[in-house]
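Reviewing the structure listed below.
Where a number appears in this text, it was derived from the coordinates with a stated rule and is not lab data. Note that the structure is predicted; figures quoted are calculated from it, not measured. Counting neighbours? That spans all protein chains shown, and the Cβs are built from the backbone with ideal geometry, glycine included.
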């Protein structure tokens, strides 16, 4: 691997959602601010959408970490159908469900486990709802707020969305007993347009569409991840490499990470200390999701058109 060659402690462009590598570009910071303000204001439903690879899971984890900042207690909980994580703090009791493709009763079971609801082994839907209601009321009496984040929410069945809405009907005179944050791909908006869940759609008070990295943010993004990974120099990516990387990835963080990792491997194999545009080109050759770099062809085509046009004008004037 190239770590020693470039003076790195760890791989800088892993695809895992490690919050230590979180980079607050404009879209990410706006989304995080929206989440924190909405959560602390006690809003019922919050929605974050974004294309595949734009970092929704990383944002979700950063949000939970920031919401509970300074609190030492973290408990991981696993179920047969999905892995979930719950964190309890003096202010918030939060839950994270990464795979909400669950039927209503399975979703209620997952939430019951998150919020430590004591239930019989074969509890039915009515008992689950009753147990969750009591747990949320107890949470409010203790001065806490209950919040659940659901990742990949576009996969949630409509019936489960409706059950979730019914849970958010619970409220005191001051606020909702359960806050829900939906993270999903743009298909989530299509599901929310379904007539059967129009009441849920109307209750979404805050929302944000997560965008990729802007061209002027990409270099800082690369520097940030390299610095976190232990790089002590100025930069490992030439200006041409950064420009080409943005053109072919459109600023999508996942694609940036994939191509940047491959480019570092290629630079290492060439014995180079800096990634060039050529390394980015070669790294993108076996990455199907990237855009083809049209710029040189466009420039050449434009030049050809100009030459042909001048030739035609010359013929006319003769």
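Between residue 195 and residue 141, what FRET efficiency comes out of the Förster formula 1/(1 + (r/R0)^6) with R0 = 35 Å and r the beta carbon distance, rounded to 0.05?
After rounding to 0.05, the efficiency reads 0.40.
How much length would be gained if the chain were fully extended between residue 103 and residue 227, taking 0.36 nm per residue of separation minus their Cα-Cα distance, in nm to one decimal?
On the way: separation 124, 0.36 × 124 = 44.64 nm, distance 4.34 nm.
Net length gain for the segment: 40.3 nm.
If I take every Cα pair under 8 Å that is 6 or more residues apart in the stretch 100-253, average their sequence separation and divide by the length, what percent do I get for the relative contact order?
Computed value for the stretch 100-253: 19 percent relative contact order.
DSSP beta bridges in the stretch 26-210, what fraction antiparallel, as a percent rounded to 5?
Bridges in the stretch 26-210 that DSSP calls antiparallel: roughly 30 percent.
Grab the Cα-Cα distance for residue 272 and residue 11, subtract it from 0.36 nm times how many residues apart they are, and report the gain in nm with one decimal.
Full extension of this stretch gives 92.2 nm more.
At 0.692 mPa s and 37 °C, plugging the Kirkwood radius over alpha-carbon pairs of the stretch 26-210 into Stokes-Einstein gives what diffusion coefficient in µm²/s?
200
Compute the FRET efficiency between residue 126 and residue 29 as 1/(1 + (r/R0)^6), taking r as their Cβ-Cβ distance and R0 = 35 Å, and round to the nearest 0.05.
0.20
Assuming a ≥ b ≥ c are the square roots of the Cα gyration tensor eigenvalues, decide whether the stretch 107-148 counts as rounded (a/c under 1.5), prolate (otherwise, with a/b larger than b/c) or oblate.
Values: a/c = 2.37, a/b = 1.84, b/c = 1.29.
Prolate shape, in that a/c is at least 1.5 and a/b is the bigger ratio.
Please give the length that would be gained between residue 203 and residue 134 if that part of the chain were fully extended, namely 0.36 nm times their separation in residues minus their C-alpha to C-alpha distance (nm, one decimal).
That pair, residue 203 and residue 134, stretches by 22.6 nm at full extension.
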